[in-house]
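Chemist: One structure coming up, written as structure tokens, with questions to follow.
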Amino acid sequence: MIAVCPITRLKESAEAFGVHRMLSLVAEGTEIERPARIAPDDHLTLYFHDIVEPLEGYVPPCESHVADALDFAAADDRPILVHCYAGVSRSTAMAFAIACAREPARDEFELARTMRELSPTATPNRLIVSLADAALGRGGRMVEAVAAIGRGRDAFEGAPFAIDRADRS
């Protein structure tokens, strides 16, 4: 299971989804209050902004961010909580990437549609998805799947949700 939430709902989401691992995707300087149930060694923070092209003064997501996140998620198959500031773009993109990595035979379009059903606000960061697609050798299918679901509904922050494995959905 891969849970997604905004930074404002970390403790509540960690408890509700019963996770013991957390991936934080935030800008440098963002304060994160790690839930007590998550040990320091089970928490990875990656620092970059929610942008899809270079912008002066901002750090775009890059190959190493995606590789580090996928490696962290692959190191332990337990449920993981992925969050960014709003729980809308960086976290949904990385949760989609982790789900694709954990289930290489799962159809990208089905997974993207499932994410849309679970989160009407999900708007996965296209650059993260593109980098993950290349890293996982998905041949552009992840990018196409996210394009097919389109932009999510506008929101200040997304509601927490969780993606289950296809055989447990």
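Chemist: Got a sec? Which strands (runs of 3 or more DSSP E) wholly within the range 1-80 have at least 3 residues that are farther than 21 Å from SER119 by Cβ?
Modeler: Once the strands (runs of 3 or more DSSP E) in the range 1-80 are filtered for at least 3 residues that are farther than 21 Å from SER119 by Cβ, what remains is 43-47.
Chemist: I'm trying to understand the selection: among the residues of the range 15-66, which are more than 20 Å from ALA3 (Cβ to Cβ) and among the charged types (D, E, K, R)?
Modeler: Hits for the range 15-66 are GLU28, GLU31, GLU53, GLU56, GLU63.
Chemist: Select from the range 99-126 the residues that are touching a Pro at 6+ places or on another chain (Cβ under 9 Å) and either hydrophobic (A, V, I, L, M, F, W, C) or at positive phi (or both) and list them in ascending order.
Modeler: ALA112, MET115 - these are the residues of the range 99-126 that are touching a Pro at 6+ places or on another chain (Cβ under 9 Å) and either hydrophobic (A, V, I, L, M, F, W, C) or at positive phi (or both).
Chemist: Then there's this: Does the range 138-168 hold any residues that are small (Gly, Ala, Ser) and not in a helix (DSSP H, G or I), and which are they?
Modeler: Passing the criteria: GLY139, GLY140, GLY150, GLY152, ALA155, GLY158, ALA159, ALA162.
Chemist: Okay, moving on. Could you grab me the full set of residues in the range 128-169 that are basic (Lys, Arg) and surrounded by 19 or more Cβ atoms within 10 Å (Cβ to Cβ)?
Modeler: ARG138
Chemist: Something else about it: Which pairs turn up if I take residues in the range 136-152 that are of a type in the set (A, V, I, L, M) and look for partners that are loosely packed, with under 12 Cβ neighbours inside 10 Å with beta carbon separation below 9 Å, at least 6 apart in sequence or on another chain?
Modeler: Matching pairs, first to second residue: LEU136/PRO104.
Chemist: Got a number for residues in the range 86-110 being touching a residue at least 40 places away in the same chain (Cβ under 8 Å) and surrounded by fewer than 20 Cβ atoms within 10 Å (Cβ to Cβ)?
Modeler: 4
Chemist: Please find, within the range 43-57, the residue that is farthest from ALA134 (Cα to Cα) out of those that are of a type outside the set (Val, Ile, Thr) and either in contact with a helix residue (DSSP H, G or I) (Cβ under 8 Å, 6 or more places away or on another chain) or touching a residue at least 24 places away in the same chain (Cβ under 8 Å) (or both).
Modeler: It comes out as LEU44.
Chemist: Within the range 13-42, track down each residue that is crowded, with 18+ Cβ neighbours inside 10 Å and among the basic types (Lys, Arg).
Modeler: ARG21
Rule-based calculations on the coordinates, nothing more; no lab input. Everything quoted here is computed from the prediction, not taken from an experiment. All Cβ positions, glycine included, derive from the backbone under ideal geometry; neighbour counts span all protein chains shown.
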